[in-house]
1. Answer yes or no as to whether A:Leu363 is in a helix (DSSP H, G or I), modelled with pLDDT under 80 and of a type outside the set (Val, Ile, Thr).
2. Name the one entry in A:Arg226, A:Arg265, A:Arg161, A:Arg245 that is in contact with a helix residue (DSSP H, G or I) (Cβ under 8 Å, 6 or more places away or on another chain), of a type outside the set (Ser, Thr, Tyr) and without any contact (Cβ under 8 Å) to a residue 40 or more places away in the chain.
3. For the range A:421-443, which positions are aliphatic (A, V, I, L, M) and touching a residue at least 40 places away in the same chain (Cβ under 8 Å)?
4. Tell me, yes or no, whether the range A:837-845 has at least one residue that is in a loop (DSSP other than H, G, I, E, B) and either surrounded by fewer than 15 Cβ atoms within 10 Å (Cβ to Cβ) or among the β-branched types (Val, Ile, Thr) (or both).
5. Given (1) touching a strand residue (DSSP E or B) at 6+ places or on another chain (Cβ under 8 Å); (2) at pLDDT below 90; (3) away from chain A (no Cβ under 14 Å), identify the lone condition not met by B:Thr68.
6. Of the residues that sit in the range A:794-829 and are polar (S, T, N, Q) and at pLDDT below 75, which one is surrounded by the most Cβ atoms within 10 Å (Cβ to Cβ)?
7. Confirm whether A:Gly867 is crowded, with 16+ Cβ neighbours inside 10 Å, modelled with pLDDT of 75 or more and closer than 30 Å to A:Thr391 by Cβ.
8. Give the range B:50-60 a look and list any residue that's within 12 Å of chain A (Cβ to nearest Cβ), under 14 Å from B:Arg77 (Cα atoms) and of a type in the set (A, V, I, L, M), or say none.
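The values are calculated or read from the model by the stated rules, or taken from the named source; none is laboratory data. Quick caveat, the model's predicted, so the values are computed rather than measured. In this analysis, Cβ positions are derived from the backbone assuming ideal geometry, glycine residues included, and neighbour counts consider all displayed protein chains.
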Amino acid sequence: MRPPAIGRLVLRLWRLGDRRDEIENDLLDLFERRASERGPAFARRRYIGDALSLYRFRRSPEVIRDAERRRGVHTMTHDILFAFRLFRRHPGLYGVTIAGLAVAIAVSAAMFSVVRAVAFGGEGIPASQDVHRVSLMSPTFTRVTWTSPTLGEWAFEDFTRIRAATTAIDLVGSIRDQARYRASADESEGVPVTYLAVTGDYFGVLGLRAEAGRILLPTDERPQLRHAVVSSGFWKNVMGGDHGRLGGTMLLNGERFTIVGIADRAHSGPSSPRGNPAFWITVTAHQEVFVGERSAEARRTREQVAARLHDPSLTPTDRQRLTAIGSSLSASTAWNPATEVFGRVKPGLSRAQAETEVKAAALARAAETSAKQAPIVVFDPPSQNNRQTMTVAVVLLTIVGLVVALACANVTNVLLASAAGRRREIGTRLAIGASRARILRQLLTETVLLGAAGSAIGLLIAMGLVRTLSRLLTVPLSVDVSPDAAVYASVALLTMVASIVAGFAPARYGYRGDITGALKVDQAAAPLRLPRARLRSLLIGGQAAVSAVLLVLAALLTRSLVDNISMDVGYDVEHLVTLGVSNSGAPVANDYDAHWGPLRDQVLGVPGVTAAAFATVAPFDNSSAPQRLNGIRVERNETSPEYFDAVGLRMLRGRAYTREEMQSAAAVVVISASLARAFWGNDDALGDRMDRVWGTVTDADSARRAGLHQKLPDARIVGIVEDATIGLQSKNAPTIYLPLAASRTPRLVVRAAASPAALGPTLVDAIQRFDPRQRPRISMPSAGQRRELERPRSLTMLAMAVGAIALGLATIGLFGVTAFVVEQRTHEMSVRRALGASSRQLVELMLRDNLRPVAIGLTIGLLMALGGGRMIQAVLYGTSSRDPLALVAATIVLLVVTALAVLIPARKAGRVDPVQLLKQG
Amino acid sequence: MKGERLGEFEELLLLAAQALADDECSVVAIQEYLERITERRVSLGAVYAGLDRLELKGCVRSTLGDITRERGGKRKRIYTVTTEGRRSVRDVRRVREAIWRTIEGR
């Protein structure tokens, strides 16, 4: 008797999966029993009822999910343990892979932190489109005292007046200065720091924040208060990050200040190429301290003058001069420093309105003080990020990316090789019932674990590395480079994603498994087809390419460094001393005969001095102010006529300007040979006019960009001088030499017969005897040159380290994969050997097969390096990015290393003993 | 797993599985036993569903038994109660007995 058709039909409706047979049998069983016990009608009825009831057996989604979840956790643990056991079985292979990954991550995270802090950190000005840096160009900057006026900064008095007169824009000012910071009163030495003295509303208007404590407020501007806000970097690097210091005191130039807050590292104000401040104090406090210092100093100077006046050997001219100086000192110490001004346009008003108002106020002020010319007011964006820093940052970040990519390619290679070796294992597992998805999950777990291990170790290393790296890159102490959670999180995430991607191909390969191979007893019958040879070759080639790029970069930087170290500046820099002298508020017009000339004579009288001259730009003094004329970077130097002799520059044609021409402000210039070549080519520039160089700059904006001073329109070239290098950025730069204008504050350039260092104090003494108000700042151009070399030096060392790491990673990968491939092809090799191939032929075969992708990769890498070399031109300081020596050196190193990496394992192929192997099979 | 409540039917299934001898504990056997004991209709679907839930909860374990003489040599699925299952049933019993004692004490 058969069960009712309806029942059977109903049964068909339900999804019973693999239990269907069982259920049908059970139902049939019951049907037969019931039919024999209680009759066919009953049996049929119950059969249909039961069939319908099996609707409940339909598995519900929650039940399935629940079950799988529980199973999943259990199997995940199992996967992880299995992976660990696997790693332990081949510690060398996996250890090296993890190490490579860790190093790559460490370097990347550390570099990322530093670059982020230096290049992109610090500003955090909310609604920064309303904030502007307001520059005031006044051709006659007579009222600024005790610092040289820098482009765009205002005189403080002008600032206070104009600020009071404007309502459309909130103007705030900051004054930059240096002080010696000491942690406690009993220390004698202090750390020199740069700080900003700001108006009370500076933090508020710009929207800056404090990460601890508070910002400076207008209430802090009350007299006698000494409150300071410290920068996050300074606090971490110099004060040890101790929260207890908040509210405590610090000593600045011996004056006690209270720390009221620590600035937020991401909201600390407009960045400036002159560096970030270590702390901020109020203008009032600054003035009180400064004026106090100055009046103490004035008293000391008066005493010096008085002492000098008692000298019986004084000439009447000297006596007259010193008496004049003495009387000028008794005047109250004026305080009018250069102020950098920012402003936030008030809400609801436009930038144009603010500009108009400020310009009007500036004009009014100029009229008030009978300034000779109308000042120019310009609104700029608040930050002045150094383009060179950005280039370096981008280059470094690209390198970071490349190194991580390289490490991940390595991981892929290793996993691919190992997946090939595990095909039998996987085949076995598949044969006894594992699902392919399960295998895939296992393989991916292994990859993720590798990535996680590498990440964790790498990030730990990175924490220690950041400090070293920032010292290496001469990052200033006021910058906070400590990595924050964002850096770590992004690097870790990147690595995990990359390692999953890296593990995908090997996982997909391995997951296909080899069941038949697993069931065969002898290994010799294993298939000869190798795992995904194309992918492997691609990876090897890619690694070779990346290594090539990095190595070429390192080689170029090394070459540039070597060039720079041995560069010939065109004159003898070892015997020069430069001094910064101030005109100390002395009257400006026609000052050479009255002031500068006699000063120079005094200096010449010092034994050991062979020449002395004045110039606005001194060698290696960070005082250069280049401009771009017609797209060419041109240096500009205003000098006294003796400058060329003092520095040791030969006049190639024509002559230098004379003292008479200087005093009459004649329109004559001397140009360097490189300038003549650039603008005149092979024509003779002597006697020609300067129109060719000035170009057609007419509007105020370009006038500002071209410099504070005017361009003498009819300037005539009277001499062509040989090229000179006064800074790493301006090697043999085209230079315009102008006669020193009466209003400039020049530097004194002195040539010494013997050691210039010994001459320093004597010179200072001589200058002070002449004018006791002077506080000359000595610098040695030779030391400046060495300092300038520090950055390229550190960059080169860094690049070499990174290049070495990249090459190491690639070599390890190459070595491991080749060794593995050789092992896999041992059977093939032994067959060939048995057929008569020599060892050499076998090795050549292996070499050919494995070196081909390497060669292709190297070629591509070199081409990429050639193309991309232009990007790093800025940090090459004049070395060509196609320097043949560097390229050849890099190529040779790469070829040798990769050849060795392939050769050593390949030699094993030649040593196979065919008899032994064939015996096994 | 532990701590999950047993439904009334599930409790009955567990008890039945324990009551039946080890090698006879198939789905059909459990269904027939329960029908006899409760004197009510017990549908096969309910038994299948209940046993499946119990297996997911970890209270029973099912294995495909040896090839049998009957049923054309096909294998039967045999259920055994796990320690977990035994514990769950004991817990329920303990609770019921405690309440019954209270009721009878009054």
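1. Values: in a helix (DSSP H, G or I): yes; modelled with pLDDT under 80: no; of a type outside the set (Val, Ile, Thr): yes.
No; evaluated as a whole, the condition is false for this residue.
2. Values: A:Arg226 fails: without any contact (Cβ under 8 Å) to a residue 40 or more places away in the chain; A:Arg265 fails: without any contact (Cβ under 8 Å) to a residue 40 or more places away in the chain; A:Arg161 fails: without any contact (Cβ under 8 Å) to a residue 40 or more places away in the chain.
Among A:Arg226, A:Arg265, A:Arg161, A:Arg245, only A:Arg245 is in contact with a helix residue (DSSP H, G or I) (Cβ under 8 Å, 6 or more places away or on another chain), of a type outside the set (Ser, Thr, Tyr) and without any contact (Cβ under 8 Å) to a residue 40 or more places away in the chain.
3. Of the residues in the range A:421-443, the ones aliphatic (A, V, I, L, M) are A:426, A:430-432, A:434, A:437, A:439-440, A:443.
Scanning the range A:421-443 gives A:Ile426, A:Leu430, A:Ala431, A:Ile439, A:Leu440, A:Leu443.
4. Yes, the range A:837-845 has at least one match.
5. Among (1) touching a strand residue (DSSP E or B) at 6+ places or on another chain (Cβ under 8 Å); (2) at pLDDT below 90; (3) away from chain A (no Cβ under 14 Å), the lone unmet condition for B:Thr68 is (3).
6. Within the range A:794-829, the first condition is being polar (S, T, N, Q), and the residues that meet it are A:794, A:796, A:811, A:818, A:824, A:826.
Still in the running and at pLDDT below 75: A:794, A:818, A:824, A:826.
On the way: A:Ser794: 17, A:Thr818: 27, A:Gln824: 18, A:Thr826: 17.
Restricting to residues being polar (S, T, N, Q) and at pLDDT below 75, the top hit is A:Thr818.
7. Working: crowded, with 16+ Cβ neighbours inside 10 Å: no; modelled with pLDDT of 75 or more: yes; closer than 30 Å to A:Thr391 by Cβ: yes.
Against the criterion (crowded, with 16+ Cβ neighbours inside 10 Å, modelled with pLDDT of 75 or more and closer than 30 Å to A:Thr391 by Cβ), A:Gly867 does not qualify.
8. Applying the first criterion (within 12 Å of chain A (Cβ to nearest Cβ)) to the range B:50-60 yields B:50-58.
Still in the running and under 14 Å from B:Arg77 (Cα atoms): B:51-52, B:55.
Result: B:Leu51, single match.
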